[in-house]
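Q: Here you go, one structure.
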Amino acid sequence: MSKMRGRILIPLPNTGAMGRKRNNFYMRSVFLLALCIFGLLQYHNFNYLDSRDNVLGDAVTNDSDDAILAMVPATLHKYLTPHSRNHTTSGAGVLSAAALLVNTSSTGAATATTISFDVYHPPNITEIKRQIARYNDMQAVLNEDVFGPLQNDSVIIVVQVHTRITYLRHLIVSLAQARDISKVLLVFSHDYYDDDINDLVQQIDFCKVMQIFYPYSIQTHPNEYPGVDPNDCPRNIKKEQALITNCNNAMYPDLYGHYREAKFTQTKHHWIWKANRVFNELEVTRYHTGLVLFLEEDHYVAEDFLYLLAMMQQRTKDLCPQCNVLSLGTYLKTFNYYTYHSKVEVMPWVSSKHNMGFAFNRTTWSNIRKCARHFCTYDDYNWDWSLQHVSQQCLRRKLHAMIVKGPRVFHIGECGVHHKNKNCESNQVISKVQHVLRIARNSHQLFPRSLTLTVPSLMKKSKLRKGNGGWGDLRDHELCLNMTLPTR
């Protein structure tokens, strides 16, 4: 004990434990740093804004004609190059019956040679009606000799076309680049007869093509119903005054006290007519059991849209047995291809969210057609709100949709029924959609191997609502109902 009292005990450091702690600290720091860097890279590479609202808002995109053309394969430039027949309509009509004098003598003697020019004259209303009747009677399927007859389970794509040929050109280019496009029947439904649009459609060579023409358009009935009859009531006239003036539809204002406007009612008429025409009247679709996909002239599709549509159709049995609508387009302000390229969600069909690039089959259409009275008498000039009304008020099996979260159909139109911008031919949205799809393609986010069902965010239950009006005229109700009757 005495010896122990004389020693000073010095504790030795536990170098092994301290080293392990130091190493763990370094490893955690490196791991956290790497995780942060990875997260930043993913955020910058894959977080894209939707084309409808500042797509790639911080990215620099060139929206010049040359830049947009450079994003398109050279073989498809023909669809973007205008070849208007109307180039002689401007000016003083110098070429209307013109002759050009040219010196053609090899000896130097002046010899007058007359070269005649055939000047394009737009068809008059009588000729337009005759051509429309001819197209609708013929039901010609272009390129059928190249791609073969329509298979009963093939996809039919129906495009509603008005007059915006610039957007239509880009839609056609996007369709041309889609995988399996050669298997579809592409139907263009027109409510305006235009030779330039017809020429564009008829030069399509990548699939079967058909044109149908809505026969009750404003163009063919400019001074009579369903166009604007001179004796129709002005939109804002009061009913009391309308009754005094005895205008045609004085008894039938809409629920807001306004009278019909033909330019707005035409779109709803056209939609129900084309759907009935495709499902119930065309000979080529008599035995068709596959999907019919509805597009419009100012849409743009991704190259895997048919691939994804087929995959969604295959997975409805196990992912969503109650789904009777498949939707490829959404109106989200932002979307993330890295996160959502292979994800779908299911919910009741909502007109304002799921009306772009949606598809259903003959069974669903038959149920809708049985509810034609609900569609045709609902006081709303919008076909999509009317369809939602049908789902809520008439269908035993409501419209239920499977929606792809990473959209494959985009809206590129700057102007339309509900949107009016100063520049209706802007390339900005087109350029940004091209840019989004190029990055998705390069990062292998298209053509997913499988689909994953995600749980949708809580949605408010859709309330029964009164319509937007514009559809109080009994003439519109009767015309609409008559167009839902099958004729074959």
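Q: Can you give me the % of accessible surface on the stretch 211-366 that is carbon or sulfur? Probe 1.4 Å, all protein chains present, nothing else counted. Display every interim value, and only then the final one.
A: Values: 3120 of 6140 Å².
For the stretch 211-366, the apolar C and S fraction of the accessible surface comes to 51 percent.
Q: How would you order 365-377, 186-198, 402-414 from highest to lowest mean count of nearby Cβ atoms within 10 Å?
A: 402-414, 186-198, 365-377
Q: Could you give the nm distance between label points at R85 and K343, where each point is 7 Å from its Cα heading toward the beta carbon?
A: Placing both labels 7 Å along Cα→Cβ, they lie 5.0 nm apart.
Q: For W349, tell me the accessible area in Å² from a 1.4 Å probe, rounded to the nearest 10.
A: 10
Q: How charged is the neighbourhood of T126? Take every other residue with its Cβ under 15 Å from the Cβ of T126, and add Lys/Arg as +1 and Asp/Glu as -1.
A: Residues close to T126 contribute a combined charge of +1.
Q: Something else about it: So, counting K/R as plus one and D/E as minus one, what does the shell of residues with Cβ under 10 Å around N143 add up to? Mind dumping the intermediate values first?
A: Working: positive: K208; negative: E144, D145, D205.
Once all neighbours under 10 Å are counted, the net charge is -2.
Q: Grab the other residues whose beta carbon is less than 11 angstrom from that of Q266, score K and R as +1, D and E as -1, and report the net.
A: Details: positive: R260, K263, K268; negative: D191, E261, D476.
Value of the local net charge: 0.
Q: Right, next: If you bin every alpha carbon distance in the stretch 234-293 into 5 Å steps from zero, what whole percent lands in each bin?
A: Spelled out bin by bin, the stretch 234-293 gives 4, 15, 18, 13, 10, 9, 9, 8, 8, 5, 1 percent.
Q: Before anything else, pin down the relative contact order of the stretch 224-312: Cα pairs under 8 Å, at least 6 apart, normalised by residue count, whole percent. Please report the intermediate quantities before stating the final value.
A: Numbers: 46 pairs, mean separation 17.6, N = 89.
Computed value for the stretch 224-312: 20 percent relative contact order.
Q: Could you sort the peptides 299-305, 289-295 by per-residue average Cβ neighbour count (10 Å cutoff), highest mean leading?
A: 299-305, 289-295
Q: Could you work out how much longer the chain between Y287 and L453 gets when fully extended? Use 0.36 nm per residue separation minus the Cα distance between them, nm to one decimal.
A: Values: separation 166, 0.36 × 166 = 59.76 nm, distance 3.22 nm.
So the extension gain works out to 56.5 nm.
Q: Could you give the length gained by full extension between L255 and L481, i.e. 0.36 nm per residue of separation minus their alpha carbon distance, to one decimal place?
A: On the way: separation 226, 0.36 × 226 = 81.36 nm, distance 2.00 nm.
Stretched fully, the L255-L481 segment lengthens by 79.4 nm.
Q: Largest first and in whole Å, give the semi-axes of the stretch 154-233's equivalent ellipsoid, each being the square root of 5 times a Cα gyration tensor eigenvalue. Walk me through the numbers before you get to the answer.
A: Numbers: eigenvalues 184, 30, 18 Å².
For the stretch 154-233, the ellipsoid semi-axes come out as 30, 12, 10 Å.
Q: Moving to a separate point now. Taking only the C-alpha atoms, wrap a convex hull around the stretch 296-400 and report its volume per residue in Å³ as a whole number. All intermediate terms of the calculation are to be shown ahead of the outcome.
A: Working: hull volume 12.7 nm³, N = 105.
Output value, Cα hull per residue: 121 Å³.
Q: Sticking with this structure for a sec: For the stretch 135-182, with every protein chain kept in place, what is the accessible area per residue (1.4 Å probe, Å²)?
A: On the way: 2080 Å² over 48 residues.
Using a 1.4 Å probe on heavy atoms only, each residue of the stretch 135-182 averages 43 Å².
Q: Mind scanning K183/K432; K268/K398; K274/K466; K183/K274 and naming the pairs with a C-alpha gap bigger than 24 Å?
A: Values: K183/K432 29 Å; K268/K398 21 Å; K274/K466 26 Å; K183/K274 21 Å.
Too far apart for the 24 Å limit: K183/K432; K274/K466.
Q: Also, quick follow-up: Using a Förster distance of 35 angstrom, determine the FRET efficiency expected from the C-beta separation of D66 and E127, and round it to 0.05. Don't jump to the answer; show the numbers that get you there.
A: On the way: r = 38 Å, r/R0 = 1.09.
Efficiency computed from Cβ-Cβ geometry: 0.35.
Q: Further, regarding this structure: Taking 0.36 nm per residue of sequence separation and subtracting the Cα-Cα distance, how much length would be gained by fully extending the chain between K398 and A310, in nm to one decimal? Working shown, then result.
A: Numbers: separation 88, 0.36 × 88 = 31.68 nm, distance 2.22 nm.
Extra length from K398 to A310 when fully extended: 29.5 nm.
The values are calculated or read from the model by the stated rules, or taken from the named source; none is laboratory data. Because the structure is a prediction, the values reported are computed rather than measured. Every residue, glycine as well, gets a Cβ built from its backbone with ideal geometry; the counts of neighbours run over all protein chains shown. Just so you know, the surface numbers come from the protein's heavy atoms only, side chains and all, with ligands and any DNA or RNA stripped out. Shrake-Rupley method; radii C 1.70, N 1.55, O 1.52, S 1.80 Å.
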